[in-house]
Every structure is written in structure tokens, then in C-alpha cells.
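Right, one structure below, let's go through it.
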Amino acid sequence: MTTNAESFARAQQSIPGGVNSPVRAFGSVGGTPRSFVSAKGAYITDVEGRDYVDLVNSWGPAVLGHAHPEVLAAVHAAVDRGLGFGATTPGESELAEIIRGRVVNGDSSPVEKVRLVSTGTEATMTAIRLARGATGRDLLVKFAGNYHGHSDGLLAESGSGVATLALPGSAGVPAPIAAQTLVIPYNDVAAVEAVFAERGDQIAAIIVEAAPANMGVVPPAPGFNAALRRITTAHGALLIMDEVLTGFRVSSAGWWGLDGSDYAPDLFTFGKVVGGGLPLAALGGTASLMDQLAPSGPVYQAGTLSGNPVAVAAGIATLTAADETVYARLDLVADLLATETSSALAAEGVEHSVQRAGNLFSFAFRSVAPTNYVEVKDQEGFRYRDFFHAMLDAGVSLPPSVFEAWFVSAAHDDSAVARIIDALPAAAKAAASARP
Ligand code: PMP
């Protein structure tokens, strides 16, 4: 039998850091990353044959749980028809229609046209190019601690792996490109107003996570997204709402579906759930804006694998199966785990706060829930390391960083939830006795 340690040692010989995405390396929690070979429902199994209740869920896509039978059947059928054509297919129209049909407010949808791409990074990159092309302006406003993928202009004070590695940004980003991104504190309307007062006529767009979940979960203050809409409109700039993580996870219409009765962004970006676990992401917006993309307009974007029929089939099957029963289950499991985890930490006297946006949640080791990136970093994050490993030892796989959200799925049935809850007291004890 191969062990996790052997598997990771082998990976380190041929793959930088032994991983294909940094947070997988367990850098901030230490120890040996688990090397997984299969997953089904709420469980994931490593090379040693141990199973874990999975609260990473592929970082979000597995909203139905792993290897859902209807998704697998759709993927198998698509595979049988061929792996990719590099041409238009009926399926891509169907997926675009499903997205448009979900992101609605009354009779109208702010998503009239959709372009499919392969990753969330591509979706945000394209949305930004489109905003620049449409406005003829160069500057972009982003918020500290928000993560929008790894394109050059978006890594400054970024969340996710950049936060986990405590980096200010990335080497290899030319200074003139970094200078096109203005980074301001999250949840601070005055900071938004100030940056627009100074440079509003040069700003193409604000990009914002609909509800940030890459610095742990930090929900927008009530009215914050609507204020972004008001300010961008007043200055002729666009609002790009990044729902790569929240889209079709926190509700059937994403965060906007929960929050957006009084505002609509110009562009949405989607990823993760929309591809059902395969490489697929999307951007969408009004037809007048989206039609500025090539070939109908002058803003170039393309992709050999864009709209890949197997990925499209997984997306359609996932969104079709993700009905209100699924969202009700996600909400219920999230409520239960947030409450139980908080109680276990409290019972051991561990100072913490619950970070929550719909069914996304995480925990900060500080008494008051953080509202921005500066506050997020001001916590006893070292406690998560011991908490994480105690849970892992008990057969629960959490995100290997305090700066990531916990992802539940509709496959988290009562016995999976019970395993998590049973593991909490010992993990809370470990957090209480952790040393920096
Ligand atoms: N935007 C957000 C909000 C994300 O959470 C992520 C990925 N975690 C991305 C963009 C980038 O997506 P991808 O990793 O597919 O490039």
C-alpha cells in the first residue's frame, strides 16, 4: 500500500511543492497532505484507504456531494458522444439558458448572454477586459482579501492561497500592471467613495466577491453591494460581481438571489458549481455588454476547451438536480455545523467568532467577527492548525487554511454530520491548548 507520505514525496519530485494549487500543500497547517483516490457522496478516500467526511467538496463544486449518480450518468453519456469538438453544441446553449433562468429578479434577468470559459480565473479576467473595452478606461478597483483567481492584475492583497501564504501579492507581476488595480478595504463605503472622488473618470470597474469567502467568510454589510452599484453608476463605471464561489451554492440564484432585490451588477462571473466538478466557468451580463465580446464585438476572448461538452453535461446535470430541497439541506447542515462547532469551541473557552454568508461559513479565532482583511489577519490563526489536525485524525477533512470557507453538500446526511459533531470536542480541546 502507498502511504500519503510516500505519495506526497513522489509528487514533490516532479511537481513544484508537490501540488498543482498552493493551498493543497498544507503549508499553514503543517503535516502531510492527504493524497485522495476517490470520493462518493459526503466521503473522500485517501491512498491508505481511509475515508473522511469531506468539507472541502472540491472547493465548492460538489454541491450535491461527490459522484452524484445523475451527474455521472450525464457525464458518461457525454463521454460516449466524444470528448470535445471545438465547435458549437446544443448543450452549451442549454447551460446558458439555465444560468439565465436562475439569475432572475421578477421577470427580468441581468444575465441576458453568457460566455462559457474553463476556469474562474478566465471568467474574471475576461469580465475585466470587457469592462475596460466597454468603458475605454484602464483602472480596476478590488478589495483587500477578495480573491478573483490568479491573473496578473488581481493578486494584490488577495485572499485564498495568497492569504494563506501571507504574501502581499505575487512575484512576476509587472509594476505597471499592478498599478492598474486600486486595492481598498472591504466593507468600507467611504473608501470606495474616496477612490472614485479621486480617479472616478479613469475607473473601468469594481470587481467584488458577491459575499467574500476567500479570507474566511466575511459577508457584505447590509447595503454594501447596493452602494457599490450606486457609486459605479454615478461615475460611469461597471460593477462586476464575482459569484464563482457563491453562485448556485448559497441559493439557486447565488448570493445575488439572496441579497440583490434592489441592485444588479453589470457582469457576473460564475465557476465551481456551474461546472459540476469539471473545468467550466462563465461570465454573463446584459446583451449590449456581452455582445462586445468577439466575434460580435471588439473585445477578444477565446478558448480551445471553452464549452467542452463533457463539462457542459456535468454543469447541466448539477444545476438540474440542485433544486430547493438541495438548498434547504445545505442551509440546514450549515446551520447545524456552525452552531455545534461554535458550542464546542466555547465549551473549551476558545475565543472565536462564526463567519457566515448563507450556507457558507468559517470560524475566526477572535471574539468579534471580522469585517475586512485587516481584522481577518488579527486573529489567533495558529489555533486552526491543531483544530484541523484533530478533525482530520477523526476522519473529517476540513479546508487546510483558516482563510477558507467550509463547504457542505446535500450528501451530508445525518451520519456524516454525526461524525463531524462527534469529532468537535477533541478538536476544540486541541485548539484551546494550541501554541503559536
Ligand atoms: N473568484 C472566486 C470568488 C473564487 O473563489 C475563485 C477560486 N477559488 C476564483 C475566482 C478563481 O477560480 P479558478 O480557481 O477556477 O480559477
antiparallel share of DSSP beta bridges within the stretch 69-321, to nearest 5, in %, is 35
One finds the C-alpha centres of the stretch 366-436 and the stretch 297-348 to be spaced, in Å, by 20
Full extension between Asp323 and Ile177 adds, at 0.36 nm per residue less the Cα distance, a length in nm of 48.4 nm
Here the residues of the stretch 45-81 lying in the modelled label zone of Ser38, meaning backbone nitrogen under 11 Å from a point 7 Å along Cα-to-Cβ, are 45-46, 49
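Give the accessible surface of the stretch 69-321 per residue, rounded to a whole number of Å², with probe radius 1.4 Å and ligands, DNA and RNA excluded.
Solvent-accessible surface per residue comes out at 38 Å².
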Too long for a 29 Å Cα-Cα cut-off, among Lys113/Lys142; Lys40/Lys377; Lys272/Lys377; Lys377/Lys429, are Lys40/Lys377
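If DNA, RNA and ligands are ignored and the probe is 1.4 Å, what is the ranking of His389, His148 by accessible area, most exposed first?
In descending accessible area the options line up as His389, His148.
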Across 5 Å bins beginning at 0, the whole-percent shares of Cα-Cα pair distances in the stretch 318-436 come to 2, 12, 21, 25, 19, 11, 6, 3, 1, 0
Along the stretch 208-217, Karplus-curve 3J(HN,Hα) (6.51, -1.76, 1.60; θ = phi - 60°) to the nearest Hz, with x for Gly and Pro, reads 9, 5, 3, 9, x, 9, 10, 10, x, 8
For Tyr43, the accessible surface traced by a 1.4 Å probe with all protein chains present amounts, in square angstrom to the nearest 10, to 60
Each label sits 7 Å from Cα toward the beta-carbon; between Thr2 and Glu380 the label points are separated, in nm, by 3.9
Rounded to the nearest 500, the 222 nm mean residue ellipticity computed for the chain from DSSP H runs (n ≥ 4, each -39500 (n - 2.57)) alone is -11500 deg cm²/dmol
In this structure, the FRET efficiency calculated for Glu48 and Ser108 from their beta-carbon separation, with R0 = 56 Å, to the nearest 0.05, is 0.60
Taking every alpha carbon pair in the stretch 1-140 and sorting the distances into 5 angstrom bins from 0 up to the bin holding the longest one, the percent per bin comes out as 2, 7, 10, 13, 15, 15, 14, 11, 8, 4, 1, 0
With a ≥ b ≥ c from the Cα gyration tensor eigenvalues, square-rooted, and the rule rounded for a/c under 1.5, otherwise prolate when a/b > b/c and oblate otherwise, the stretch 167-282 is oblate
For the Val354, Arg81 Cβ pair and Förster radius 45 Å, calculated FRET efficiency rounded to 0.05 is 0.50
Quick shape check on the stretch 356-418: root eigenvalues a ≥ b ≥ c of the Cα gyration tensor, a/c under 1.5 is rounded, otherwise prolate if a/b tops b/c, else oblate, and it reads oblate
Given backbone amide H placed at 1.01 Å from N, residues whose amide H is under 5 Å from that of Glu48, ignoring those fewer than 5 places away on the same chain, are Asn4
Applying the span-like rule to the chain (DSSP H, Cα extent along axis at least 30 Å, Kyte-Doolittle mean at least -0.5) gives 324-347
Taking every other residue with Cβ under 10 Å from the Cβ of Phe248 and scoring Lys and Arg +1, Asp and Glu -1, one gets +2
With all protein chains in place and a 1.4 Å probe, Leu167 shows an accessible area in Å² (nearest 10) of 80
Heavy-atom accessible area of the chain with neighbours in place, 1.4 angstrom probe: carbon+sulfur share in percent works out to 55
The Kirkwood hydrodynamic radius of the stretch 69-321, taken as the inverse of the mean 1/r over all distinct Cα pairs, in Å, comes to 18.3
The correct pair for the chain, radius of gyration to one decimal and Dmax as a whole number, both in Å and from Cα atoms, is 21.0, 63
In the chain the DSSP beta bridges are antiparallel at a rate, in percent to nearest 5, of 55
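The values are calculated or read from the model by the stated rules, or taken from the named source; none is laboratory data. Computed from a prediction, not measured in an experiment: that's the story for all the values here. In this analysis, Cβ positions are derived from the backbone assuming ideal geometry, glycine residues included, and neighbour counts consider all displayed protein chains. These area figures cover heavy atoms from the full protein model, side chains too; ligands, DNA and RNA do not enter into them. Shrake-Rupley method; radii C 1.70, N 1.55, O 1.52, S 1.80 Å.
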